[in-house]
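**Student:** Here it is: the structure, laid out below.
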Amino acid sequence: MEILEGVDVNNSDGLPLLSVCIMTFNHEKFIAQTLDSVLSQKARFEFEIILGEDESSDGTRKICIEYANKFPGKIHLVLRERKDVIYIDGNATGRFNFIENLKLCRGRYIALLDGDDYWIDENKLQKQVDFLEINSKYSGCSANALENQGSEFKQSELYKDCYSFEDLLSGNSIYTCSAVFRNTFTIPDWFSKCKMGDWALWLLITQNGPIYNFRETMAVYRMHNNSIWFSKGKEKNLKDIIATYDFFLNEFDPKLKKKLRTASKPYYYNLLNLLRDKRNSQIFSWTFKSFFKFYDLKLLKPSILYCANILSRQHEAKIVDTR
């Protein structure tokens, strides 16, 4: 690995070298810390902040306007409307805000940050741009992060040196708040329909080269009741992962179908075990779907245990009734 030591790097065309793409919606408690963590970056190059505010119902928009007025020329604030929200399976997403923000990024590089996350390394952007400037085989780079829930912080365990396209077929291993990547990709039409946009984005990016992962901890990923991923719960997340695999099977190269099917299998098994533990009758429809997808007898086990548990409880109830 080669890293430049704080070299001054700028675009010759006068454009910012890097664009920080921030999406925010109902982040009143967090957005100021998010923006402060970006503005405090010690970078020897010009960068812009593309701040997409998605018509929040709390005080987020007011705070964004205050920051944009305080830092004109640095923060480019776009006030969006909820009527433009993209719906997936009847659920509103922030995908329109995300896609339109990406289109506005003028930099050679793009850094992502959600309005409830923040950076804790003031040299983050300099380190990552230095690395990408001299390591052309990589399409981007990420870093480790702290997971924050309430007052607790947990160190991430993403210690892999880099992630290839094939690595990421097995699941999303990159913290969005840690990533910087080259602005050389094209957003396909299907992107707006995918349930997990960040995962799809990494797969698009890594088709041009792997993503290097810094072992350093550079960001904080917040987990709270209003966060998109954390608020849905494990069952819904597993179903969304499976749906995303099904989506990839239709949209990516047919040569990848075998790899995608193999990678999705553990998520089916985890979902079946979860439904069994929750005593959820959906286990039967999901067993049917998973078995005829993989023809693996092991996938029948959670349903068998579920039925055995029901019969056992019914038997115990009869014994009680006869006493």
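Derivation of every value follows stated rules applied to the coordinates shown; laboratory data play no part. Owing to the predicted nature of the structure, the values given are computational and were not obtained by experimental measurement. For neighbour counting, all protein chains shown are included, and Cβ atoms are generated from backbone atoms with ideal geometry for every residue, glycine included.
**Student:** What residues have an amide H closer than 5 Å to that of LEU112, excluding those fewer than 5 places away on the same chain, when H is modeled at 1.01 Å from N in the peptide plane?
**Tutor:** Amide H neighbours of LEU112: CYS21, ALA179.
**Student:** Okay, next question. In nm, to one decimal, how far is the ILE120 label point from the ASP246 one, both placed 7 Å along Cα→Cβ?
**Tutor:** 3.9 nm
**Student:** For ASP189 paired with SER156, estimate the spin-label separation in nm (one decimal), with each label point 7 Å from Cα along the Cα-to-Cβ line.
**Tutor:** 3.4 nm
**Student:** If you don't mind, there's one more thing I want to ask. Holding the Cα-Cα limit at 23 Å, pick out from LYS265/LYS289; LYS124/LYS160; LYS257/LYS298; LYS103/LYS236; LYS137/LYS160 the pairs that are longer than that.
**Tutor:** LYS103/LYS236
**Student:** Between ASN280 and SER136, what is 0.36 nm times their sequence separation minus the Cα-Cα distance? Round to one decimal in nm.
**Tutor:** So the extension gain works out to 46.9 nm.
**Student:** Here's a follow-up. Counting pairs of alpha carbon atoms under 8 Å apart in space and at least six apart in sequence, what relative contact order in percent does region 233-322 give?
**Tutor:** 23 percent
**Student:** Right, something else. Among THR262, MET218, SER178, flag the residue with its Cα farthest along the positive direction of the charge dipole of region 165-296, charges on Cβ as +1 for Lys/Arg and -1 for Asp/Glu.
**Tutor:** Among THR262, MET218, SER178, the one farthest towards the positive end of the dipole of region 165-296 is THR262.
**Student:** For TYR295 and LYS236 in one chain, what is 0.36 nm times their gap in residues minus the Cα-Cα distance, to one decimal in nm?
**Tutor:** Fully extending the segment from TYR295 to LYS236 adds 18.8 nm.
**Student:** Could you size up the charge dipole of region 155-283 around its Cα centre, putting +1 on the beta carbon of Lys and Arg and -1 on that of Asp and Glu, and report it in debye to the nearest 20?
**Tutor:** 520 debye
**Student:** Would you mind computing, in nm to one decimal, how far apart the modelled labels at SER170 and LEU39 are, each placed 7 Å from Cα along Cα→Cβ?
**Tutor:** My value for the distance between the label points is 4.2 nm.
**Student:** Search the structure for amide H atoms under 5 Å from the amide H of ASN213, placed 1.01 Å from N in the peptide plane, and list their residues when 5 or more places away or on another chain.
**Tutor:** Sorted by chain and number, the residues that satisfy this are SER142, CYS162, TYR163.
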